[in-house]
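K.L.:
My questions will all concern the structure given below.
The values are calculated or read from the model by the stated rules, or taken from the named source; none is laboratory data. Just so we're clear, the structure is a prediction, and the values are computed from it rather than from any experiment. Every residue, glycine among them, receives a Cβ derived from its backbone with ideal geometry; neighbour counts consider all protein chains shown.
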Amino acid sequence: MARKSGFNYFHSFISMANYAYEAAKYLDNIVKVFDPASMVLLEKVQGIHEIEHKADDERHEVITHLTTEFMTPIEREDIMEMVQKLDNVVDHIDDVMRAVYMFNIRTLSPSIISFGELIVRCTEALKTTMEKFENFRKSRTIKEYIVKVNEIEDEGDVLHLNSIHELFSSDISAIDVIRQNKLLDDMENCLDACEEVVDTVERIMMKNS
């Protein structure tokens with residue numbers, strides 16, 4: 001591994017993971033007390049989009065430093081891949097809230113609430129993984145949190161499978177099936193995006209071991 005530059009890229013990874021966790025908790029709070037009659041959904045969309053914008057700013061700062069610094073702690077393309085995939089996590093969480101608004105969703109199934117909880121747990125494990133990433137050679141627990149993200153994503157796969165089956169076995173209207181299906185797919189994408197980040201971490205660890 002190259003010597004560290006003046007800019008700490010690993011701190012940016014942590015910051016972006018924190019934004020993902022913040023967005024996940026924001027979304028989870030909304031779905032747990034979901035009441036479109038008493039909340040202004042567009043304001044909720046804007047609230048989570050502000051978090052997504054902060055993550056974008058962090059990514060842009062990383063790119064700015066990459067274009068000017070000669071030495072980086074890991075390869076440039078690996079840094080770019082990390083910030084892009086971390087940004088994808090926040091983007092997918094943002095997509096969920098946008099779908100709630102755009103599809104004018106009025107009720108949420110219990111599966112949606114369960115997905116919200118999974119996304120919080122997954123981004124929390126992702127955040128801890130990022131906190132341990134800089135010193136992965138000495139960390140005895142980073143692998144544990146990578147596995148935890150994978151396990152939560154597996155839980156999400158099972159939840160998605162069963163939820164879609166129940167959805168298409170129900171007698172709700174076709175338009176509500178489309179709405180709920182879209183939301184379930186978007187929420188599963190959040191977990192998939194987390195797994196893609198830790199898969200990249202593992203690859204970088206192997207390359208630099």
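K.L.:
Between residues in region 26-39 that are touching a residue at least 40 places away in the same chain (Cβ under 8 Å) and residues that are among the basic types (Lys, Arg), which pairs lie under 7 Å by C-beta distance while being six or more apart or on different chains?
P.N.:
Every condition considered, the pairs that remain are 30/44; 36/106.
K.L.:
Another question, then. Of 128, 123, which residue is of a type in the set (Val, Ile, Thr), over 23 Å from residue 165 (Cβ atoms), at pLDDT 95 or above and more than 12 Å from the chain's Cα centre (by Cα)? Write out each step before concluding.
P.N.:
Working: 123 fails: more than 12 Å from the chain's Cα centre (by Cα).
Matching residue, one of 128, 123: 128.
K.L.:
Answer yes or no: is there a residue in region 117-137 that is closer than 30 Å to residue 9 by Cβ and surrounded by fewer than 14 Cβ atoms within 10 Å (Cβ to Cβ).
P.N.:
yes
K.L.:
Shifting gears a bit: Confirm whether residue 79 is surrounded by 15 or more Cβ atoms within 10 Å (Cβ to Cβ), of a type in the set (Val, Ile, Thr) and in contact with a Phe, Trp or Tyr (Cβ under 9 Å, 6 or more places away or on another chain).
P.N.:
Yes, satisfied.
K.L.:
Also: Among the candidates 202, 196, single out the residue that is farther than 25 Å from residue 102 by Cβ and touching a helix residue (DSSP H, G or I) at 6+ places or on another chain (Cβ under 7 Å). Show your work before the answer.
P.N.:
Numbers: 196 fails: farther than 25 Å from residue 102 by Cβ.
It is 202.
K.L.:
Within region 128-141, count every residue that is in a helix (DSSP H, G or I) and either without any contact (Cβ under 8 Å) to a residue 60 or more places away in the chain or not β-branched (Val, Ile, Thr) (or both).
P.N.:
First pass over region 128-141, keeping only residues in a helix (DSSP H, G or I): 128-133.
Add one more test, that the residue is either without any contact (Cβ under 8 Å) to a residue 60 or more places away in the chain or not β-branched (Val, Ile, Thr) (or both), and what stays is 128, 130-133.
Residues flagged as in a helix (DSSP H, G or I) and either without any contact (Cβ under 8 Å) to a residue 60 or more places away in the chain or not β-branched (Val, Ile, Thr) (or both) within region 128-141 amount to 5.
K.L.:
Related question: Among the residues of region 154-181, write down those that are within 17 Å of the chain's Cα centre (by Cα) and either over 17 Å from residue 122 (Cβ atoms) or buried (at least 21 other Cβ atoms within 10 Å of the Cβ) (or both).
P.N.:
Residue satisfying the conditions is 156 alone.
K.L.:
Scan (1) aliphatic (A, V, I, L, M); (2) over 20 Å from residue 195 (Cα atoms); (3) part of a helix (DSSP H, G or I) for the single condition residue 86 breaks and write down its number.
P.N.:
The single condition residue 86 does not satisfy is (2).
K.L.:
Then there is this: For residue 56, state whether it is buried (at least 19 other Cβ atoms within 10 Å of the Cβ) and closer than 18 Å to residue 190 by Cα. I'd like the intermediate steps shown before the answer.
P.N.:
On the way: buried (at least 19 other Cβ atoms within 10 Å of the Cβ): no; closer than 18 Å to residue 190 by Cα: yes.
Judged against the criteria, residue 56 is not a match.
K.L.:
Mind checking which residues of region 76-117 are free of Cβ contacts under 8 Å to residues at least 12 places away in the same chain and either under 18 Å from the mean Cα position of the chain (by Cα) or over 30 Å from residue 179 (Cα atoms) (or both)?
P.N.:
Correct list: 76, 77.
K.L.:
Let me ask you something else. Residue by residue through region 7-23, note down the ones that are outside any helix (DSSP H, G or I) and either closer than 30 Å to residue 109 by Cβ or touching an Asp or Glu at 6+ places or on another chain (Cβ under 7 Å) (or both).
P.N.:
Going through region 7-23, the residues outside any helix (DSSP H, G or I) turn out to be 7-8.
Residue satisfying the conditions is 7 alone.
K.L.:
For residues that are surrounded by fewer than 15 Cβ atoms within 10 Å (Cβ to Cβ) and not in a helix (DSSP H, G or I), tally how many sit in region 24-45.
P.N.:
6
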